[in-house]
1. For Asp146, state whether it is loosely packed, with under 14 Cβ neighbours inside 10 Å, within 12 Å of the ligand (Cβ to nearest atom) and either without any contact (Cβ under 8 Å) to a residue 40 or more places away in the chain or not hydrophobic (A, V, I, L, M, F, W, C) (or both).
2. Whether any residue in the range 20-33 is under 15 Å from the mean Cα position of the chain (by Cα) and within 15 Å of the ligand (Cβ to nearest atom) is what I want to check.
3. What's the number of the condition Ser94 fails, among (1) farther than 14 Å from Val61 by Cα; (2) away from the ligand (no atom under 12 Å from the Cβ)?
4. Hey, any hits in the range 90-113 for a residue that's surrounded by fewer than 17 Cβ atoms within 10 Å (Cβ to Cβ), of a type in the set (S, T, N, Q) and farther than 15 Å from His134 by Cα?
5. Restricting the search to the range 1-27, which residues are surrounded by fewer than 19 Cβ atoms within 10 Å (Cβ to Cβ), assigned to a helix (DSSP H, G or I) and touching a residue at least 12 places away in the same chain (Cβ under 8 Å)?
6. Look through the range 115-141, keep the residues that are surrounded by 14 or more Cβ atoms within 10 Å (Cβ to Cβ) and away from the ligand (no atom under 16 Å from the Cβ), and return whichever of them is nearest to Val21 (Cα to Cα).
Amino acid sequence: MSVLPIVQFPNEILSTVCAPVESITDEIKTLAADMAQTMYEAPGVGLAAPQVGKSIRMIVVDVSEEKDCLLTLVNPVITEVSEELICGEEGCLSLPGIWEKVERHAEVTVEYSDLQGQKQTVHAHGLLAVCLQHEIDHLDGKVFVDHLSRLKYDRACAKLKKRRQQEKRC
Ligand code: ZN
């Protein structure tokens, strides 16, 4: 397993709709393991394939305290959402240092294929539901700041730019 470099916003791959995974090859399994390690190392609670430069529909998530509840979702599809919405602060490994409030469905049902090619369903609420919506957005070429108003979006981009300039000086 290896830690992969994380694609930084803005990058074309982060705004590209990803292609479905056709079959679960050894290459896909290795990528899944590398993505998990990259997510834990960062550390983060979720990572989507385009964030490591692969424009395919696969995500990894683990919102547990002990980091022992890894979920790898191949071709995930949100099939049901609650009417109830929740609003929490979100961040993203592709936009380090940026935290903004985003409205999401409080509960979601997601169908996906696991790494054995078996169809699975997960009913999620709370942080896991938010995380799944955030990561699946990545597969559709969306980042969380796309949910913000123009004003807040511009502010977030300016903050990111400033942060990067400061990092360069260090
Ligand atoms: Zn993200």
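Each reported figure results from applying straightforward, stated rules to the coordinates on display, with no laboratory input. Keep in mind the model is a prediction, meaning the values are calculated, not measured. Reconstructed Cβ throughout: ideal geometry from the backbone, glycine too, with neighbour counts over all protein chains shown.
1. yes
2. no
3. Ser94 satisfies all of (1) farther than 14 Å from Val61 by Cα; (2) away from the ligand (no atom under 12 Å from the Cβ) except (2).
4. Scanning the range 90-113, I find no residue that is surrounded by fewer than 17 Cβ atoms within 10 Å (Cβ to Cβ), of a type in the set (S, T, N, Q) and farther than 15 Å from His134 by Cα, so the answer is no.
5. Answer for the range 1-27, where residues must be surrounded by fewer than 19 Cβ atoms within 10 Å (Cβ to Cβ), assigned to a helix (DSSP H, G or I) and touching a residue at least 12 places away in the same chain (Cβ under 8 Å): Ile13, Ser15.
6. In this case the residue turns out to be Leu115.
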